[in-house]
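Visitor: The structure's right below; bear with me while I get my questions together.
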Amino acid sequence: MRLALWGMYHRRINEREIFMMGVMCRLSRCFFVALLLLTLTSLPARAVDEFIEINPFLKKIPLAIPDFKPLSQGAPTEETSQKSAQLLAETLLFTGYFKLLDKGAYLEEPRESGITAASINFRNWTVIGAELLVTGGIRRSAEAVEMELRLFDTFKGQSVLGKRYRGRLQDTRRMVRKFASEVIFFLTGNRGFFNSEIAFVSTGTGNKEIYIAEFDGRNPAQFTRTRNITLSPAWSPDGKWLAYTAYPKNRPFLYVKHRRHKRGYEIGNKGLNITPAWVPMTAMPTSLEDMRFAATLSFTGDQEIYLLTGKGKIIKRLTKSWGSDVSPTWAPDGKKFAFVSNRSGNPQVYIKNLDSGRVDRLTFKGRYNTQPSWSPKGDKLAYAGMEGGRNDIFVIGFNGRPPVQLTHDTGGNESPSWSPDGSMIAFSSTREGRSRIYVMTAFGTDQRRLLTLPGEQTNPQWSPNKHLN
Amino acid sequence: MQRKLWTVLALLVLVPGLMLMTSCAQQSAVDQDTTQKTTPPADTSGTTDSGADLQADAAQRAAEQAMNQFLNEHIYYSFDSAQLSAMAQATLKRKAAWLQANADATVAIEGHCDERGTNEYNLALGERRAESARAYLVDLGISASRLSTISYGEERPLDARSTEEAWAKNRRGQFKLR
């Protein structure tokens with residue numbers, strides 16, 4: 001399978017077209033154009049079915065990332081080289097796709113011998129088991145950084161990806177992540193999630209407030225200051241707005257707030273205003289009015305799911321059943337949604353098809369299945385299922401096969417949320433005592449804590465992956 | 001356990017009281033002077049030990065006690081249920097009696113859950129709990145307009161421990177004066 005994949009992309013690529021120049025500009029528009037050119041010229045057209053899903057449960061790809069080569073003199077270049085190589089390794093390893101080979105085993109030092117295909121003896125890499133090799137060169141002035149990064153297939157002895165980035169010193173991390181995204185795109189055909197964020201709830205201030213961190217847990221920052229209960233963050237499809245539930249007026253109201261400007265809208269119907277879930281969009285929305293979300297409202301005296309405009313105006317009711325209907329989550333096509341209902345006597349996950357109006361029960365195992373999250377790939381749904389008073393994360397398909405349990409005997413595990421490419425799941429767990437945010441691959445491997453903050457962290461929600469950044 | 005509850009309640013009364021005092025103390029001297037002037041001098045009538053006053057005092061104490069009971073006696077639910085047990089119904093009958101005796105009181109019924117469920121579903125469950133208590137009181141003749149409901153889901157536990165005892169205490173309907 002893998003060999004077939006290797007062969008397939010090699011036939012299509014020749015040495016001439018793989019090394020393209022990408023220029024990072026000060027102005028994002030300029031960068032956009034440069035990137036567009038770069039995308040048009042350097043990425044060979046490939047059908048999606050040529051990619052395989054990398055299953056880290058079965059095999060991780062052995063990867064070598066030797067030290068980057070300083071292309072200018074001085075300690076600052078040396079420092080940037082080291083940091084960039086380390087960040088690239090961390091970023092790629094985050095996916096769970098790779099196994100990083102120990103530097104002690106390397107037989108060759110590209111920073112001495114050279115970072116281009118001509119100067120690499122690929123046998124030195126295949127013999128230690130590396131299938132992929134990344135080399136880098138860094139040139140640095142006081143304020144600017146230039147880096148050239150290459151990905152090699154060691155068995156073919158060929159460069160398969162080459163990029164040069166130039167930008168401000170503070171753009172270093174973006175450049176590294178950009179290249180990491182190229183590597184993931186090359187292997188999987190998907191843009192990945194290296195430009196996404198994770199929103200979550202933290203009790204650090206003594207109240208539940210929403211925080212936002214980069215996908216890898218870096219730079220967490222408080223987003224809301226309601227000084228009360230704040231719950232259920234939900235990202236709009238363009239990543240610019242967050243909907244959430246808060247109690248600033250001592251009632252559960254919904255808020256839609258801009259990610260940067262913090263302006264927004266309040267939805268305060270009588271009763272509950274909870275569990276927002278944005279409808280996915282195929283075309284990039286231009287404004288809040290273009291977007292829709294579903295939420296549970298109970299102003300009629302019954303808890304039902306409604307469709308609302310981005311600003312909170314009710315469009316129509318989506319469910320009709322006495323009792324609780326909460327926690328909607330949309331299929332990527334926006335034509336179906338899953339939700340939690342207690343219509344059978346206890347909470348179970350149901351699917352409503354908007355075209356046919358049909359409602360089907362999805363979960364049958366256990367008596368308490370909540371917090372459904374539809375995979376962005378569309379083929380699976382993650383949820384929290386309770387057994388013996390504790391929740392665990394399960395994944396279920398739509399083919400009638402039983403659910404797969406991803407967390408076992410490790411405290412309570414709740415609130416699964418898929419990465420925008422569907423390759424990973426963020427969740428909360430009490431496995432180390434206090435509730436923290438964790439991530440794992442979609443196959444349940446590589447479970448690890450994302451970050452540690454004062455208080456407890458719950459309710460992670462992975463943002464869309466912003467393009468071209 | 002009972003004693004602990006009372007201690008908590010005493011603190012609940014005392015702490016805001018103290019805070020009020022300190023915030024008053026922070027006010028300007030002018031404010032304090034005017035307050036003193038407008039307050040009628042205490043105990044000048046010389047009738048403090050009359051029988052009528054003692055009776056009034058006792059009545060007031062009884063009223064306070066009744067109100068405290070109304071506010072501190074919660075109704076309890078079983079896991080993932082909003083149904084009223086026989087005990088919960090008996091408690092609600094006492095609450096109805098108090099509400100009938102205090103016709104100007106309007107109350108908020110809070111629905112709470114234990115931590116085992118998940119937040120979102122518990123917000124819904126908490127509302128169903130509060131609504132079932134409200135419906136029962138309306139059936140007993142209390143005007144619906146005097147009763148509002150609010151769900152706190154699992155967000156405001158009385159007992160933060162993860163034990164059966166704590167969970168049972170936290171699955172409650174709690175009454176607050178509005």
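Visitor: How large is ³J(HN,Hα) for each residue in the range A:381-398, as worked out from phi by the Karplus curve 6.51 cos²θ - 1.76 cosθ + 1.60 (θ = phi - 60°), to whole Hz, x for Gly and Pro?
Guide: Working through the residues one at a time gives 9, 9, 7, 9, x, 9, 9, x, x, 10, 8, 9, 8, 10, 10, 9, x, 10 Hz.
Visitor: Do you know the relative contact order of chain A, to the nearest whole percent, from alpha carbon pairs under 8 angstrom that are 6+ apart?
Guide: In percent, rounded to a whole number, it is 11.
Visitor: What is the mean number of Cβ atoms from other protein chains located within 10 Å of the Cβ atom of each residue in peptide A:414-420, rounded to a whole number?
Guide: 1
Visitor: Counting every Cα pair in the range A:338-397, what percent are over 12 Å apart?
Guide: 65 percent
Visitor: So if R0 is 56 Å, what FRET efficiency would A:ARG123 and A:PHE398 give, r being the distance between their Cβ atoms, rounded to the nearest 0.05?
Guide: 0.75
Visitor: In deg cm²/dmol and to the nearest 500, what is the mean residue ellipticity at 222 nm of chain A if only DSSP H runs of at least 4 residues count, each as -39500 (n - 2.57), divided by the residue total?
Guide: Rounded to the nearest 500, it is -5000 deg cm²/dmol.
Visitor: For A:ASN391, list long-range residues whose amide hydrogen, built 1.01 Å from N in the peptide plane, is under 5 Å from its own amide hydrogen.
Guide: A:ASN413
Visitor: For the range A:53-116 and the range A:393-419, write down the distance between their C-alpha centroids in whole Å.
Guide: Between the Cα centre of the range A:53-116 and that of the range A:393-419, the gap is 33 Å.
Visitor: Taking every residue in B:147-154, how many Cβ atoms of other protein chains lie within 10 Å of its Cβ, on average?
Guide: Rounded to a whole number, the mean comes out at 4.
Visitor: Against the 2.2 N^0.38 Å scaling, with N counting residues, where does the range A:197-462 land? I'd like the Cα-based Rg ratio to two decimal places.
Guide: 0.93
Visitor: Taking 0.36 nm per residue of separation and subtracting the Cα-Cα distance, what length does fully extending A:ARG317 through A:ASN228 add?
Guide: 29.1 nm
Visitor: Per residue of A:345-352, how many C-beta atoms from partner chains lie within 10 Å of its own C-beta, taken as a mean?
Guide: Mean inter-chain Cβ contacts per residue within 10 Å come to 2.
Visitor: Follow-up. As a test of the definition: which semi-axes, in Å, follow for chain A when you take the square root of five times each eigenvalue of its alpha carbon gyration tensor? Largest first, please.
Guide: Semi-axes (√(5λ), whole Å): 42, 24, 21.
Visitor: If you don't mind, there's one more thing I want to ask. Give, as a single signed number, the net charge of other residues whose beta carbon lies under 11 Å from the beta carbon of B:ILE109, with Lys and Arg counted +1 and Asp and Glu -1.
Guide: +4
Visitor: Starting from the Cα of A:LYS249, draw a straight line to each of the lysines and keep only those under 22 Å, dropping any in the same chain fewer than 8 residues away.
Guide: Leaving aside lysines fewer than 8 places away in the same chain, those within reach of A:LYS249 are A:LYS208, A:LYS257, A:LYS262, A:LYS270, A:LYS311, A:LYS313, B:LYS176.
Visitor: What FRET efficiency comes out for the pair A:ALA144/A:ARG449, r = Cβ-Cβ distance, R0 = 45 Å, nearest 0.05?
Guide: 0.80
Visitor: Could I ask something else about it? What is the packing order of peptides B:117-124, A:202-209, A:289-296, B:162-169, taking the mean over residues of other C-beta atoms within 10 Å and listing the highest first?
Guide: Packing proxy ranking, top to bottom: B:117-124, A:289-296, A:202-209, B:162-169.
Visitor: How many nm separate the modelled label positions at A:THR309 and B:SER145, each set 7 Å beyond the Cα in the direction of the Cβ?
Guide: For A:THR309 paired with B:SER145, the spin-label model returns 3.3 nm.
Visitor: Let's test this: bin the Cα-Cα distances of the range A:236-384 at 5 Å from zero up to the farthest pair and state each bin's percent.
Guide: All Cα pairs considered, the percentages come to 2, 10, 19, 22, 21, 15, 8, 3, 0.
Visitor: Give me, ordered by chain and number, the residues 5 or more places off A:ALA331 or on other chains with an amide H under 5 Å from its own placed amide H.
Guide: Result for A:ALA331 returns A:LYS336, A:PHE337, A:ALA338.
Visitor: Give the lysines whose C-alpha is closer than 20 Å to that of A:LYS103, dropping any in the same chain fewer than 8 places away, or say none.
Guide: A:LYS60, A:LYS69, A:LYS83
Visitor: Given A:VAL404, A:PHE152, A:ILE138, which one lies farthest toward the positive end of the charge dipole of chain A, if we put +1 on the Cβ of every Lys and Arg and -1 on the Cβ of every Asp and Glu?
Guide: Positive-end residue among those listed: A:VAL404.
Visitor: Which net charge results when you count Lys and Arg as +1 and Asp and Glu as -1 among the other residues whose beta-carbon is under 12 Å from that of B:GLN100?
Guide: +3
Visitor: Could you rank the peptides A:259-269, A:144-154 by their average count of other C-beta atoms within 10 Å per residue, with the highest value first?
Guide: With the highest mean Cβ count within 10 Å placed first, the list reads A:144-154, A:259-269.
Visitor: Where Lys and Arg each count +1 and Asp and Glu each count -1, what net charge lies around A:GLU387 among other residues with Cβ under 10 Å from its Cβ?
Guide: +2
Visitor: Suppose we keep just the DSSP beta bridges with both residues in the range B:67-178; what percent of those would be antiparallel, to 5?
Guide: Around 55 percent antiparallel, to the nearest 5.
Where a number appears in this text, it was derived from the coordinates with a stated rule and is not lab data. Being a predicted model, the structure only gives us computed values, none of them experimental. Positions of Cβ are backbone-derived with ideal geometry, glycine not excepted, and every protein chain shown enters the neighbour counts.
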